[in-house]
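Let me begin by presenting the structure, written as structure tokens, before commenting on it.
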Amino acid sequence: MLKVDNLTKVFNKNTINEKKALDQVSLHLSPGDFVTIIGSNGAGKSSLMNAVAGVFIPDSGEVVIDGINITNWAPHKRAGLISRVFQDPMSGTAASMTIEENLIMALKRGKKRSLRWALNKSKREYFCSELEKLGLGLENRLTTKVKLLSGGQRQALTLLMATLEEPKLLLLDEHTAALDPKTADKVIELTCRVAESSQLTTMMITHNLEQALSCGNRTIMMHEGRIILDIKGTERSNMTISRLLEMFNKASGVQMNNDRMMLAGTL
Amino acid sequence: MFSLKIAQGTLELGLMYAIMVLGVYLTFRVLNYADLTVEGSFTMGAATAAVLIINGTNPWLATLIAFFAGTIAGVFTGIFHTKFKITALLSGILTMTALYSINLRIMGKANISLLKTRTIFTDFQSLPFINADYAILLLSFITVFILGLLVYLFLNTEIGLALRATGDNELMIRSQGVNTDIMKILGLALSNGLVAFSGSYVAQKQLFADASMGIGMIVAGLASVIIGEVLIGTSSIGRAVIAVICGGIIYRFIIAIVLQLGLEATDLKLLTAIIVLIALVSPSIKSKVTALNPSGKVREE
Ligand SMILES: Nc1ncnc2c1ncn2[C@@H]1O[C@H](COP(=O)(O)OP(=O)(O)O)[C@@H](O)[C@H]1O
Ligand SMILES: [Mg+2]
């Protein structure tokens, strides 16, 4: 399904700020895989997603989805294959437009847009039934402008928009980090439910180790641009948070006390 | 005094300028792009139509060609901005400046008279059942009605939504697979097409085209958009379109009234700048007033 091979990206090459964000990263996902990604700040987690989403072109290596090499595709061209939810609840929706207008744009993700009138009754009914599943009462507010929604409501809407037209690959970059804990739990629960029910291939970055182990079927840990841990199957189901921290220390070397605290601190 | 005849003339001009205001609305509000190309494309529309008409082209065709001339100007600004990464403001200034020379080339001299020539208005007058006294008014009204309706319909199509989203949240609509560069170029093209179309109408009403008739047009357009929005509101697209059209007409009446009150025509641009300044500052004044008034309900937009 997704094949990332030997991806390398160096930012600000040959300057004092040179930074190797990705160092020969390889990752293969099977259809329906849900991988959670953990690692300290600056480990390269977002860079991995950005390379997959086409935000930048890697220095070397390739990204292949379903046999198609998309390494050099512009981001908007990948939209038919990939959908994304960002950390900032403001970034996934158009604030001045209504809920139904945002949804109709998502329904057209990666498809040709025409001069046809965008909305109609059957689409509205479809949106209502999909919004109902969120359990936030948004189904009664189709013509409300998105800027009037709370952060959690906007993020739930963004998640619905990302999955309305099923992508090959769903990318979630700390998409609950800006929400209060209760709302975050709700959005995570929603995420797992949606990904499971449609068997979406998903990559989710999280700072929450408990989430990392409870969601999905595979967990990878990144450090200094490399994948240093990759657990699945029984190894993963037997994993505890404290053992995960321990493994992190072992794999990354003993000098990582700060990072350890950073990870532990988010629990 | 403000005679009925002056009022009618003002209304006619207001309707024609409202076409330009629709164009400014597309860039300034929908795309969130302050486009100075307008100053050049307004003149370009007038110049193109005038030259074609005095050389014997059918005035309706000449008016249509003026529209397309404007779209080309918009495409250039769009390419400067999206492909060459020049700021929005500077891209518009570059096209506007280039157009000053180009417009003089088109006309061959600084102004062209359309006295005693056939225009869309003389054609319309000669239709059966059309009262000659109201021909200009009626044709301008029909034109604004149709164009306003088209803009409204367009902004509700799939492409229209993508255009609006480009002005609202570029990152979001790009991740939905929309090429936002193309959207900006499209928006600028349509906008400047409307502006040039407006210029060709004004030239045919005033019976001349002049190399400097577009000067100050952007600020007049902004003033009109803001006046309309403040008076009528923007809670939906339909309402916003009606608002900016009315804003264009009201703006012309304000100008006509102050001229009647004895202000020099040369002082108008100063007055317009002051109107825009007040309008731009007033939302913050308004929010401060409502903040002081605990019972004041917050209006949606
Ligand atoms: N666009 C960029 N320009 C320069 N440096 C960047 C850029 N994006 C990321 N980096 C750097 O690359 C490293 C990895 O960043 P990132 O992938 O965002 O980490 P994470 O998401 O794991 O916290 C960091 O040191 C970061 O400063
Ligand atoms: Mg990150």
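Tabulated data for the structure shown
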quantity	calculated
Filter result for B:Arg164 (part of a helix (DSSP H, G or I), within 26 Å of A:Leu119 (Cβ to Cβ), of a type in the set (Lys, Arg) and under 24 Å from the mean Cα position of the chain (by Cα))	yes
Unmet requirement for A:Gly67, which otherwise passes all of (1) surrounded by fewer than 17 Cβ atoms within 10 Å (Cβ to Cβ); (2) closer than 23 Å to B:Met183 by Cα	(2)
Matching entry among B:Ile112, B:Ile130, B:Ile142 (being β-branched (Val, Ile, Thr), in a loop (DSSP other than H, G, I, E, B) and over 30 Å from A:Phe86 (Cα atoms))	B:Ile130
The one condition in (1) modelled with pLDDT of 95 or more; (2) buried (at least 24 other Cβ atoms within 10 Å of the Cβ); (3) within 13 Å of another protein chain (Cβ to nearest Cβ) that B:Val195 fails to fulfil	(3)
Single residue of B:Ile227, B:Ile237, B:Ile245 found to be at negative phi and buried (at least 24 other Cβ atoms within 10 Å of the Cβ)	B:Ile245
Residue match in region A:126-148 (condition: over 23 Å from B:Thr157 (Cα atoms) and within 14 Å of another protein chain (Cβ to nearest Cβ))	yes
Residue within region B:70-78 that is crowded, with 19+ Cβ neighbours inside 10 Å, in contact (Cβ under 8 Å) with a residue 60 or more places away in the chain, over 25 Å from B:Arg164 (Cβ atoms) and among the aliphatic types (A, V, I, L, M) present	no
Hey, A:Lys232 among the basic types (Lys, Arg), surrounded by 16 or more Cβ atoms within 10 Å (Cβ to Cβ) and either without any contact (Cβ under 8 Å) to a residue 60 or more places away in the chain or under 19 Å from A:Phe86 (Cβ atoms) (or both) or not	no
Residue that is surrounded by the fewest Cβ atoms within 10 Å (Cβ to Cβ) [pool: residues in region B:152-169 that are free of Cβ contacts under 8 Å to residues at least 60 places away in the same chain and at the interface with chain A (Cβ under 7 Å from one of its Cβ atoms)]	B:Thr157
Test: residue in region B:205-213 that is within 18 Å of the chain's Cα centre (by Cα) and either assigned to a helix (DSSP H, G or I) or farther than 28 Å from B:Ile274 by Cα (or both)	yes
Positions within region A:71-94 being at the interface with chain B (Cβ under 10 Å from one of its Cβ atoms) and either touching an Asp or Glu at 6+ places or on another chain (Cβ under 6 Å) or crowded, with 23+ Cβ neighbours inside 10 Å (or both), in sequence order	A:Arg78, A:Ala79, A:Ile82, A:Ser83, A:Arg84, A:Val85, A:Phe86, A:Gly92, A:Thr93, A:Ala94
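Residue-wise test of (1) in the same structural domain as A:Ala21 (by TED's automatic domain parsing); (2) in contact with a helix residue (DSSP H, G or I) (Cβ under 6 Å, 6 or more places away or on another chain); (3) surrounded by fewer than 23 Cβ atoms within 10 Å (Cβ to Cβ); (4) at pLDDT 90 or above.
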site	(1), (2), (3), (4)
A:Ala156	no, yes, no, yes
A:Thr183	yes, yes, yes, no
A:Ala195	yes, no, yes, yes
A:Leu213	yes, no, yes, yes
A:Arg218	yes, no, yes, yes
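The values are calculated or read from the model by the stated rules, or taken from the named source; none is laboratory data. No experiment lies behind these values; they were computed from the predicted model shown. Here Cβ is always computed from backbone atoms with ideal geometry, including for glycine, and neighbour counts include all displayed protein chains.
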